[in-house]
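**Q** Input: one structure, supplied below.
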Amino acid sequence: MNIDYFLEIYGHLPRAGPGSRECTKRAYDMMDGLPECPRILDLGCGPGAQTVDLLQISGGHVVALDFLPLMLERTKSKAEQANVAQKLEMLEQDMNQMRFAPASFDVVWSEGAIYNLGFERGLKTIRSIVRPGGFVAVSEVVWLKADPPARLVEFWRQYPEIASVTSKWEVISRLGYKSVGHFILPDRAWTAEYYDPMERLISEKQDPWSHIPEALKVLEEAKEEIAIFRKNSSYFGYAFFVMQRPLE
């Protein structure tokens, strides 16, 4: 896949995946006992929609980590427009290579990005960098019903860790986290700032890219992704998991 064409679609959406300010706030409000100005790591920040939401909701300091300069540029711009950039630190880094001192953060946050490390490996990796008593919040794709259609199972072979909510909590518990709670993102969190604008971009690019095979492949894969969601959203979705590292 040509990354330039990919970013022309996925890099110019309001969000890098399903989510909304309401969902971010709901997850944040599940965390009791945070300091007045918490230190938060936004892992895989993307274009920074939830980064700005976190800055505004928490009143704290946010470290936004992403390996794509385009995403960090968009995050900085959004924070400046919202007048919260003074509490934002940006870090251009692959999350597979991140190095933070133990107990560096009150909260580690990752909306739709922990899969880059793998769910279990990611939660294991970040456990040491959140302070004892601190929180971790991640949104992750899950099965919502048993026996999904074969085509859907085939589509999600790209992410072998997709599993039920119950299975995800078993992983979380095994890694030594305390359960706080979870909720399923509504369909609107997939469409309003993700698939609806993606469809508009696809339409805009269809003619200009009509003679570029690599570009058309990106468009076809994006259209397939949207079609699969619209047809099968009762079978899979994103769950927002909130957990706590116990005091030790």
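**Q** When you scan the stretch 199-237, how many residues do you find that are surrounded by 17 or more Cβ atoms within 10 Å (Cβ to Cβ) and more than 24 Å from the chain's Cα centre (by Cα)?
**A** Number of matching residues: 3.
**Q** For G33, are the conditions met, namely being of a type in the set (G, A, S), under 20 Å from R188 (Cβ atoms) and in a loop (DSSP other than H, G, I, E, B)?
**A** For G33, the condition - of a type in the set (G, A, S), under 20 Å from R188 (Cβ atoms) and in a loop (DSSP other than H, G, I, E, B) - is not met.
**Q** Can you tell me which residue is surrounded by the fewest Cβ atoms within 10 Å (Cβ to Cβ) among those in the stretch 136-151 that are under 21 Å from the mean Cα position of the chain (by Cα) and either farther than 14 Å from L175 by Cβ or of a type in the set (G, A, S) (or both)?
**A** So, considering only residues that are under 21 Å from the mean Cα position of the chain (by Cα) and either farther than 14 Å from L175 by Cβ or of a type in the set (G, A, S) (or both), the one surrounded by the fewest Cβ atoms within 10 Å (Cβ to Cβ) is L144.
**Q** Name every residue in the stretch 238-248 that is surrounded by 13 or more Cβ atoms within 10 Å (Cβ to Cβ) and either over 17 Å from the mean Cα position of the chain (by Cα) or without any contact (Cβ under 8 Å) to a residue 60 or more places away in the chain (or both), in order of residue number.
**A** Across the stretch 238-248, the qualifying residues are Q244, R245.
**Q** Report yes if some residue within the stretch 168-183 is of a type in the set (S, T, N, Q), buried (at least 16 other Cβ atoms within 10 Å of the Cβ) and not in a helix (DSSP H, G or I); otherwise report no. Lay out the reasoning, then the answer.
**A** Keep residues of the stretch 168-183 that are of a type in the set (S, T, N, Q), which gives 173, 179.
Going one step further and asking which of them are buried (at least 16 other Cβ atoms within 10 Å of the Cβ), we end up with none.
No; the residues of the stretch 168-183 include none that is of a type in the set (S, T, N, Q), buried (at least 16 other Cβ atoms within 10 Å of the Cβ) and not in a helix (DSSP H, G or I).
**Q** Could you say whether any residue in the stretch 184-202 is hydrophobic (A, V, I, L, M, F, W, C), more than 20 Å from Y238 (Cβ to Cβ) and either without any contact (Cβ under 8 Å) to a residue 60 or more places away in the chain or assigned to a loop (DSSP other than H, G, I, E, B) (or both)?
**A** The answer is no, given that none of the residues of the stretch 184-202 is hydrophobic (A, V, I, L, M, F, W, C), more than 20 Å from Y238 (Cβ to Cβ) and either without any contact (Cβ under 8 Å) to a residue 60 or more places away in the chain or assigned to a loop (DSSP other than H, G, I, E, B) (or both).
**Q** Which pairs do you get when a residue that is over 13 Å from Y238 (Cβ atoms), found in the stretch 1-29, comes within reach of a residue that is of a type outside the set (G, A, S) and in a loop (DSSP other than H, G, I, E, B), reach meaning Cβ atoms under 8 angstrom, with the pair 6+ apart or on two chains?
**A** Y5/W209; Y5/I212; L7/L68; G11/P47; G11/L68; L13/P47; P14/P47
**Q** Turning to a different aspect of this structure: Inside the stretch 62-79, can you point out the residues that are touching a Ser or Thr at 6+ places or on another chain (Cβ under 8 Å), among the aliphatic types (A, V, I, L, M) and surrounded by fewer than 22 Cβ atoms within 10 Å (Cβ to Cβ)?
**A** none
**Q** In addition: Report, ordered by the first and then the second residue, all pairs with beta carbons closer than 7 Å, sequence separation of six or more or different chains, a first member in the stretch 132-146 that is under 12 Å from E161 (Cβ atoms), and a second member that is in a loop (DSSP other than H, G, I, E, B).
**A** V141/Y159; V141/I162; V142/I162; W143/I162; W143/Y235
**Q** Out of the stretch 75-122, which residues are of a type outside the set (G, A, S), touching a residue at least 40 places away in the same chain (Cβ under 8 Å) and over 15 Å from L41 (Cα atoms)?
**A** Answer for the stretch 75-122, where residues must be of a type outside the set (G, A, S), touching a residue at least 40 places away in the same chain (Cβ under 8 Å) and over 15 Å from L41 (Cα atoms): Y115, N116, F119, E120.
**Q** Right, something else. Check I57, I9 and return the single one that is in contact with a helix residue (DSSP H, G or I) (Cβ under 6 Å, 6 or more places away or on another chain) and closer than 21 Å to E199 by Cβ. Break it down stepwise before answering.
**A** On the way: I57 fails: closer than 21 Å to E199 by Cβ.
Only one candidate qualifies: I9.
**Q** If Y159 satisfies every condition in (1) at pLDDT 95 or above; (2) within 17 Å of the chain's Cα centre (by Cα) but one, which is the exception?
**A** (1)
The values are calculated or read from the model by the stated rules, or taken from the named source; none is laboratory data. Keep in mind it's a predicted model, so treat the numbers as computed, not measured. We place every Cβ from the backbone using ideal geometry, glycine too, and count neighbours over all the protein chains shown.
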